[in-house]
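The values are calculated or read from the model by the stated rules, or taken from the named source; none is laboratory data. Bear in mind that the values here come from a model prediction, so they are computed numbers and not experimental data. When we count neighbours, we look across all protein chains shown, and the Cβ atoms used for this are built from the backbone with ideal geometry, even at glycine.
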């Protein structure tokens with residue numbers, strides 16, 4: 001069913017610009033009833049936004065990407081045209097779940113999130129946002145098919161870089177933070193987009209709720225993890241854990257890059273965590289969320305990042321980084337298992353939120369009352 005064709009691109013642009021210019025702080029946005037009394041359409045209420053990044057083919061019935069299981073299994077059957085972004089939106093009126101596909105990369109995820117947040121058709125002020133995507137996963141921390149809840153989101157693009165063949169002899173890496181003089185300068189500046197710390201209490205609540213779930217496994221996954229003879233956590237059956245996330249537009253791979261990612265996440269988190277998953281979008285998505293929060297459109301404390309390991313970020317012993325990267329480009333070793341794990345783990349959190357919505361609408365779990 002197609003919903004929302006009433007708006008044309010120019011009308012949408014005008015509405016979004018007006019909204020951006022007149023938004024009030026988060027607690028004082030006008031309720032839908034006031035909008036209705038003023039003659040405007042009543043915004044569609046949203047309880048959960050499922051944020052996926054890509055779909056491989058059709059939205060239903062073929063080889064799945066990140067969105068397909070959610071659309072099929074959560075009956076997201078109402079389509080909202082979304083021409084000012086990457087992919088149309090889908091909604092279920094009973095559960096009030098809204099599903100989106102941002103497109104791959106920071107630019108698309110940030111602009112898609114901003115476009116949705118400013119769309120006057122939706123009331124997102126009490127919505128929980130669940131980023132549900134696959135990722136590279138560090139074999140030092142977890143196995144392919146494992147699920148990771150993250151609170152520290154580190155941007156792996158914002159920085160200075162010198163080619164490794166030209167770096168000083170006492171540098172381990174050629175990439176280092178802006179507003180510093182060398183890699184891991186102890187005079188670390190306050191982050192300006194290099195790192196975001198999202199609601200740790202909500203992250204921990206989601207982890208506790210899901211930590212004992214059984215995740216999909218298979219003989220193929222077992223054969224893959226048996227190759228990682230030097231990494232005990234990579235040899236475990238898939239499990240749920242917590243850890244830092246790094247977002248970078250370059251698809252990097254290999255043991256040396258793995259070392260850099262761990263060191264860089266430790267640096268920006270002040271040693272609180274290291275890198276467990278890598279993808280491209282999450283710092284861009286959350287940057288948009290912070291702006292939307294300030295505009296009174298969303299609550300940034302209701303944002304969750306769940307990534308599942310579709311592939312490892314470095315090869316097993318005996319295989320070069322280049323060879324392993326090319327193998328993964330032919331098909332991720334844990335693609336199907338990671339997609340199923342996303343649905344199982346993310347779905348458990350969604351089910352809990354919906355099971356007692358009046359409570360969770362008013363109170364964010366894991367967050368102490370003021």
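Quick notes
- Test: residue in the range 249-261 that is in contact with a strand residue (DSSP E or B) (Cβ under 6 Å, 6 or more places away or on another chain), outside any loop (DSSP other than H, G, I, E, B) and either on the phi < 0 side of the Ramachandran plot or modelled with pLDDT of 95 or more (or both): yes
- Flag for residue 302 being surrounded by 16 or more Cβ atoms within 10 Å (Cβ to Cβ), modelled with pLDDT of 95 or more and touching a strand residue (DSSP E or B) at 6+ places or on another chain (Cβ under 6 Å): yes
- Which numbered condition residue 146 fails, given (1) out of contact with any strand residue (DSSP E or B) (no Cβ under 8 Å at 6 or more places or on another chain); (2) crowded, with 24+ Cβ neighbours inside 10 Å: (1)
- When each of 184, 196 is tested for being modelled with pLDDT of 95 or more, at positive phi and either surrounded by fewer than 21 Cβ atoms within 10 Å (Cβ to Cβ) or outside any loop (DSSP other than H, G, I, E, B) (or both), the lone residue that passes is 184.
- Matching residues in the range 150-163 - criterion: being touching a helix residue (DSSP H, G or I) at 6+ places or on another chain (Cβ under 9 Å) and more than 16 Å from residue 180 (Cα to Cα): 150, 151, 152, 153, 154
- Among residues that are touching a helix residue (DSSP H, G or I) at 6+ places or on another chain (Cβ under 7 Å) and either assigned to a helix (DSSP H, G or I) or modelled with pLDDT of 95 or more (or both), residue 353 is included.
- Each residue in the range 249-280 was checked for being surrounded by 21 or more Cβ atoms within 10 Å (Cβ to Cβ) and closer than 15 Å to residue 158 by Cβ, and 6 pass.
- Note on the range 151-178: residues that are surrounded by fewer than 14 Cβ atoms within 10 Å (Cβ to Cβ) and part of a loop (DSSP other than H, G, I, E, B) total 6.
- Residue in the range 129-139 that is surrounded by 21 or more Cβ atoms within 10 Å (Cβ to Cβ) and without any contact (Cβ under 8 Å) to a residue 60 or more places away in the chain present: no
- Tabulated pairs, the range 197-221, first farther than 30 Å from residue 331 by Cα, second modelled with pLDDT under 95 and exposed (fewer than 14 other Cβ atoms within 10 Å of the Cβ), C-beta under 9 angstrom, 6+ apart or interchain: 201/368
- Residue within the range 323-333 that is assigned to a loop (DSSP other than H, G, I, E, B), touching a residue at least 12 places away in the same chain (Cβ under 8 Å) and touching a helix residue (DSSP H, G or I) at 6+ places or on another chain (Cβ under 6 Å) present: yes
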